[in-house]
Amino acid sequence: MTLALPSRKTRQASGRPGFLVYGVLVAVLAASLFPLYYSFVLPTRDNSVIGDSALTLTPGGNLVHNIQRVYDTVDFWLALRNSLIVSTTVTVCCVLLSSLAGFAFAKLPFRGRNALFLAVVVTAMLPTQLGMIPLYMLMGKLGWIATLKAVIVPALVNAFAVFWMRQASEESVPYELVEAARVDGCSTLGIFWHVALPAIRPQAAVLAMFTFMATWNDFMWPLIVLDPSVTPTVQTALSSLASGYALDYTLILSGAAIGVLPLLLVFLLLSRQIVAGVMQGAVKG
Amino acid sequence: MTVTETRPGTGAPMAPVPGRHHRRGGWRTRLTRFDLRYTPYVLIAPFFVIFGVFAAYPLLYTGWISFHKWAIIEGDQGWTGLHNYQLLFQDSYFWNALLNTTLLLVFGTGVQLLLALWLAGILNRKLSGSAVWRAGVVLPHIVSVVAVSLVFAQLYGFHTGIINDVLSLAGIDRIDWQASRWTAIPAVSTIIIWRWAGYYALIFLAAMQGVPRELHEAAMLDGASHRRIFWSITVPSIRPTVIFSVVMSTIGAMQTFTEPQLFDTQGTEGTGGSDRQFQTLMMYLYEKGFREFNAGYAATLAWVMFLLIAVLSGINYALSRRIASKD
C-alpha cells in the first residue's frame, strides 16, 4: 500500500461496522434459529398447545412421553439404523473413491487426463435426478427395490466430490514427495496411501461431513425406492409420521427432533471446520 | 474450466534413502511400468463405471422411454413417437406445474441469491465474532429438509400456525396459506430461502475474501459509499462465483420437490394441494411416474425438464455474465 494515512473521516467509514450492522446480523441469526428452536419446543408439549391461540414459545414437560409415542408409531430404531448404515457406507466409499480419482487427476500423468477430467466437470452439471425412472427399473431388474443397496450404490460416486478432491490434491500434495516416493520404489497405490492421503486429510474430512449430512437428509430417492414399512430411513419415517389425515404435530416434530439431533451435535462440534470447508469449496472469484 | 498441466518438480533434491535398494529385475521393472501406465485409469474407473451405470445411462434411457407407451411394471407397450410430447404440451397440469416451478425459481432462488449476496457483503466486513455469525447463517442448511418443511408447514398452519398468530396480532385476518398459488408459493419460497441463503452467502463470502482490499480502500478514499463499492467493485470481482451459483441453484430449483411436497400437510401424494396450487414439475413427475406408474409420460416430462434446464442454464450464464460485469 502506498496510500497516505487515511483521514479521520475515512477511517470511520472503513472501520468497524456500527450497531446497525450487528442489529441486522442478530435479526438474521434469530430468523435462522427460530424455526429450529420452535421445532425443539413443540416436542416438549402436548397437543393442546397446537389449538391454543396464544403463542407457545417455552418448553413443557412432555418430551419423554412424545418420544415414546414416536417409537410406538413407527420403528424409529430401525430407521435410525438404516440411515446410519446408508450414510456411513456412502460417506466412506465416496470419500475414498473420489480421493483416489482426485489424486490421479491431480498428480499422475496419463493419456486423456484433461479430456476425462473435463467429462467429470460436465457431469457435475447434469440433473441426474431426472433419470429416476430408468434407474428405478434398473433397481427392479437387479432385485434391489426396498433394499438399502438401491440407495447406497448410486450415491457411491459424485462428480463434485471428485472435483473437490482433485483440488485438494493439487494444493496439498507436493510433487517432490510423490517423485521421491516413486524413486524409492513405492507403487502408485503406496504413494496414495503414504503420501497423498495424509496430506489431503483435512479436505477429505470436510467432504465426509457434507456427504454424510446430504445422505442422511436425502428424501426423494429413498421415498421412491425403499419401502417405509420394511426399510425406513429417518426421513421417510418422518414423512410417514406426517401422512395421516389428522396431523399429530407434536408427534411429527418429536420424530423430526430425534432425526436432526445427530446432525446438530456433529455441526456444533465441527462448525468451524464446516464453515471453513464451505469457504474452501467456493469457486475462487 | 481449465486443467492445469502439472509437471514433476525438477529442482527437488532427492536424497538417497539408506537401506533401500533397487532391484532392476525384469518382472519388477515391467510391474513398475505397468503400474505407471495403467494404475491412474484404475483409480478413476470407479467414478466412470458407477456414474455411467447409475446416472448417465438412466438419463439417456429416459429420452428413449419418452418415445414409447411404457408402464413401469409392464414395461414397453410400443413406440409412439412424439405422441407423449404432444400430450404433454396440451396437458394443463404440466403448464400449471411449470408456472409454479417458475414462480418458485423467481421468488425462492432469486430472492435467496440476492439475500445471500447482501449477507455476504455484511459478513465480509470486519466483524467481531465472525465465526459465530458464519456458523449461524449456515446452520439451517445442515438440518434435514424434511424436518424443516414439516416445521414450516406447522408455522404456516391456518388456525394454529404462529405466522397467522403474529399477523392477527397486527390486525390482519388469518390466511389459509395452502389455499391458493399466490399464498402457497411465497410460503414455500421462505423455506427454500431459509435453507439456502446462508449457504450461498458463505460461498460468496469465500470469493469476496479473495478480492484485493486495496481496490476497496482506494474507492473508499475517493468517497464511494459502501453500497456503491459493493455493487461496482465487490460483486463484479466475484463474477465466476456468481455465475456458478446462479447456474447451480437454477438446476436445483427446477427440481424442487421436498419443500412443497411436505408443505401439503394432507399428504395428497404429490399433487401439491387439492387444486395443484403448488405442484412443481418434479412433483408432477413423481405423481405420473411413481403413483400412476406411467413411465413413458413421466420420462417425457423428465426429458422436457432436462431441456428446460439446459436452456435456462445457458440464459442464466449469459445474463449473469452481463449483470456481473456491469460497472
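The values are calculated or read from the model by the stated rules, or taken from the named source; none is laboratory data. Bear in mind that the values here come from a model prediction, so they are computed numbers and not experimental data. We place every Cβ from the backbone using ideal geometry, glycine too, and count neighbours over all the protein chains shown. Ligands, DNA and RNA are excluded from the accessible area calculation, which covers all protein heavy atoms including side chains. Shrake-Rupley method; radii C 1.70, N 1.55, O 1.52, S 1.80 Å.
Highest mobility in the GNM of chain B, judged by mean-square fluctuation with C-alpha springs under 10 Å and restricted to B:L88, B:L221, B:L307, is found for B:L221.
As a rough guide to protection, the peptides B:239-249, A:156-166, B:195-205 ranked by mean Cβ packing within 10 Å, highest first, stand as B:195-205, A:156-166, B:239-249.
Hydrophobic long helices, here whole DSSP H runs in chain A with Kyte-Doolittle means of at least 1.0 and Cα atoms spread over 18 Å or more along the helix axis, are found at A:19-41, A:76-107, A:249-281.
Ordering B:G171, A:F117, A:A196 by Cα displacement along the dipole of the protein assembly as shown toward the positive end leaves A:A196 in first place; charges were set at the Cβ atoms of Lys, Arg (+1) and Asp, Glu (-1).
Is the protein assembly as shown best put as rounded, prolate or oblate by its Cα gyration tensor, with a ≥ b ≥ c the root eigenvalues, rounded for a/c under 1.5, and otherwise prolate when a/b is larger than b/c, oblate when not? Don't skip to the answer; put the middle values down first.
Details: a/c = 1.62, a/b = 1.19, b/c = 1.37.
In terms of gyration-tensor shape, oblate.
Per residue of peptide B:79-91, the mean number of Cβ atoms on other chains within 10 Å of the residue Cβ is 0. For the protein assembly as shown, the share of accessible area belonging to carbon and sulfur comes to 64 percent (1.4 Å probe, ligands and nucleic acids excluded).
Could you sort the peptides B:292-301, B:209-218, A:63-72 by per-residue average Cβ neighbour count (10 Å cutoff), highest mean leading? Show your work: numbers first, answer last.
On the way: B:292-301: 24.8, B:209-218: 14.1, A:63-72: 15.7.
Highest-to-lowest ranking by the protection proxy: B:292-301, A:63-72, B:209-218.
Tell me, what is the FRET efficiency for B:I73 and B:Y41 to the nearest 0.05, using R0 = 41 angstrom and their Cβ-Cβ distance as r? Result of the calculation: an efficiency of 0.55. The mean sequence distance of close C-alpha pairs (under 8 Å, at least 6 residues apart), as a share of the length of chain A, puts its relative contact order at 29 percent.
Between A:F19, A:F110, A:F219, the residue with the greatest mean-square fluctuation in the GNM of chain A (Cα pairs under 10 Å linked by springs) is A:F19. Taking every alpha-carbon pair within the range B:226-319, the share separated by more than 23 Å comes to 43 percent. Within the shell of other residues whose beta carbon sits under 13 angstrom from the beta carbon of B:A187, the net charge comes to -2, with Lys and Arg scored +1 and Asp and Glu -1.
Roughly how big is the range A:106-221's charge dipole about its Cα centre, with Cβ charges of +1 (Lys, Arg) and -1 (Asp, Glu), in debye to the nearest 20?
Values: 8 positive and 6 negative charges, 71 e Å.
That gives a dipole near 340 debye.
Assigning unit charges at the beta carbon (Lys, Arg +1; Asp, Glu -1) and nothing else, what dipole magnitude in debye, to the nearest 20, does the protein assembly as shown show about its Cα centre?
Details: 42 positive and 30 negative charges, 552 e Å.
Dipole magnitude for the protein assembly as shown comes out near 2640 debye.
Helices in chain A, meaning DSSP H runs of at least 4 residues, each add -39500 (n - 2.57). Divided by all residues, the mean residue ellipticity at 222 nm is -22000 deg cm²/dmol.
When accessible surface is computed with a 1.4 Å probe, chains A and B are found to bury approximately 10200 Å² between them, both chains counted.
Rounded to the nearest 0.05, what FRET efficiency do B:I315 and A:Q273 give with R0 = 45 Å and r taken as the Cβ-Cβ distance? Could you check? Kindly include the intermediate steps, with their values, before the conclusion.
Working: r = 37 Å, r/R0 = 0.82.
Efficiency, from the Cβ-Cβ distance: 0.75.
Once whole DSSP H runs in chain B are found, which of them have Cα atoms spread over 30 Å or more along the helix axis and a mean Kyte-Doolittle score of at least 0.5? It would help to have the intermediate numbers written out before the result.
Numbers: long enough: B:26-51 (38 Å, 0.43); B:181-208 (37 Å, 1.12); B:295-325 (44 Å, 1.24).
Both cut-offs are met by B:181-208, B:295-325.
The label point for A:V24 and the one for B:A179, both projected 7 Å from the Cα toward the Cβ, are 3.6 nm apart.
For B:H68, the residues 5 or more places off, or on other chains, whose built amide H falls under 5 Å of its own are B:T80.
Largest GNM mean-square fluctuation across A:A106, A:A119, A:A237, computed for chain A with C-alpha springs under 10 Å, falls on A:A119.
Rolling a 1.4 Å probe over the protein heavy atoms gives chain B an accessible area of 47 Å² per residue. Counting Lys and Arg as +1 and Asp and Glu as -1 over every other residue whose Cβ lies under 13 Å from the Cβ of A:I191, the net charge comes to -2.
Using the Cβ of B:L117 as centre and a radius below 13 Å, the other residues enclosed give a net charge of +2, where K and R count +1 and D and E count -1.
Placing +1 on each Lys and Arg Cβ and -1 on each Asp and Glu Cβ, with no other charges, gives chain B a dipole about its Cα centre of roughly 1920 debye.
For the modelled label position 7 Å from the Cα of A:V122 along Cα-to-Cβ, which residues of the range B:292-308 have backbone nitrogen atoms closer than 20 Å? Under cut-off, by backbone N: B:303-308. On a per residue basis, the convex hull of the C-alpha atoms belonging to chain A measures out at 219 Å³.
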